[in-house]
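In what follows, a single structure is set out as structure tokens and then discussed.
The values are calculated or read from the model by the stated rules, or taken from the named source; none is laboratory data. This structure is a prediction, so every number in the text was calculated from the model and none was measured. Every residue, glycine among them, receives a Cβ derived from its backbone with ideal geometry; neighbour counts consider all protein chains shown.
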Amino acid sequence: MPFRRRDRPPPGWSPSSDPRAWSPAPAPLPARRRRRAATVLPWLVVLTVAAVYGTRWLPALGVEAPWLALVPASARDHPRPGVEEADGRLAPAVVPATPATSFAFLATQRDSTGATVPVTWSPCRPIHVVVDPTGAPADFAAQVQAATAELAAATGLTFVDDGVVAEPADPDRDAFLPDRYGDRWAPVLVRFADAATVPSLAGDVVGVGGPQSVTDARGRTSHVTGVVYLDTDLLRPGLTATPWPAVLRHELAHLVGLDHVDDPTQLMNPVATVSTFQAGDLAGLAALGQGACAPGV
Ligand SMILES: [Zn+2]
């Protein structure tokens, strides 16, 4: 029995009218002090303007505005830009073994040359993944590790296992959770959930997964975190013929940036009959691994 899978894709002194406030004009400053006062004011203006515009533009240049470090993470809605971002990609790009066209991207944008390119993860920083094993089979964390290893091989992206956490499923999870994960984008969360908690798992949907993206000061969008929620219905005997590790792969491919295809021979078909990545899936994943670095987010 086929089960549909779906992505889910988030003022100083002022003249007083009161004559009692009148006081004699202060004695003129010595010449040197007057010069200094006249020199300091324009510099204060310049530094203020630089701070305001630098906060916006320096990240796009791959430079962190140094004063951002003085603002506590809890007072921001985003981490310091460029956390863990290297000067170049962390692992080589992947050339798919079999050329194929049966794939689609969740989102595209225009690059600096005007070409249409997929929205991608930065290949120049690791993708952190945490697993909450609540309600999951005993081998859940191991299966997530195996699936992310497949994705790393297929994309040339680098996945880092941040281990097991206790984080409830949240259909509107914030991309930045400094109280839980510190001054960085939240790691990808993978766990089981039910429709009572994640309404998009209602009906015949057995998994939801996808990235969350941000746009830097230059208008370039990159994926920075995401979630994969597998439906607890997958664990009820006889309810589905689809093995949950196949749904896990499918949703993790959404997380990387693949959309559905009509081709029923591919894992990214919404009612897939295969359990592993096929030629079209792999070609799409390889392309999604070839995005630009993203120091500005
Ligand atoms: Zn899907």
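Among the residues of region 256-297, those identified as within 13 Å of the ligand (Cβ to nearest atom) and touching an Asp or Glu at 6+ places or on another chain (Cβ under 8 Å) are Leu258, Asp259, His260, Gln266, Leu267, Met268, Asn269. Within region 224-238, the set of residues being of a type in the set (A, V, I, L, M, F, W, C) and either more than 15 Å from the ligand (Cβ to nearest atom) or surrounded by fewer than 18 Cβ atoms within 10 Å (Cβ to Cβ) (or both) comprises Val224, Leu235.
Before we move on, is His250 in the same structural domain as Pro199 (by TED's automatic domain parsing), buried (at least 24 other Cβ atoms within 10 Å of the Cβ) and closer than 17 Å to Ala153 by Cα? In short, yes. Restricted to region 103-126, and to residues that are in contact with a helix residue (DSSP H, G or I) (Cβ under 8 Å, 6 or more places away or on another chain) and not in a loop (DSSP other than H, G, I, E, B), which residue is nearest to Val188 (Cα to Cα)? Residue satisfying both the conditions and the ranking: Trp121. Restricting region 188-223 to residues that are under 30 Å from Pro295 (Cβ atoms) and assigned to a loop (DSSP other than H, G, I, E, B) leaves a set whose member that is nearest to the ligand (Cβ to nearest atom) is Arg220. Consider region 109-134 and keep the residues that are surrounded by fewer than 14 Cβ atoms within 10 Å (Cβ to Cβ) and not basic (Lys, Arg). The one that is modelled with the lowest pLDDT is Ser112. Just one of the listed residues (Val160, Val164) is assigned by TED's automatic domain parsing to the domain that holds Leu201, within 22 Å of Ala292 (Cα to Cα) and surrounded by fewer than 19 Cβ atoms within 10 Å (Cβ to Cβ), namely Val160. Among residues of region 234-247 that are farther than 16 Å from Pro270 by Cβ, those with a Cβ under 9 angstrom from a residue that is of a type in the set (Ser, Thr, Tyr) and assigned to a loop (DSSP other than H, G, I, E, B), sequence gap 6+ or separate chain, pair up as Pro243/Ser275; Pro245/Ser275. The residue pairs whose first member lies in region 78-100 and is over 17 Å from Gly156 (Cβ atoms), whose second member is small (Gly, Ala, Ser) and loosely packed, with under 14 Cβ neighbours inside 10 Å, and whose beta carbons are closer than 8 Å, counting only pairs six or more residues apart or on different chains, are Arg80/Ala69.
All conditions but one from (1) crowded, with 23+ Cβ neighbours inside 10 Å; (2) more than 25 Å from Phe176 (Cβ to Cβ); (3) away from the ligand (no atom under 13 Å from the Cβ) apply to Ala241; the one that does not is (1).
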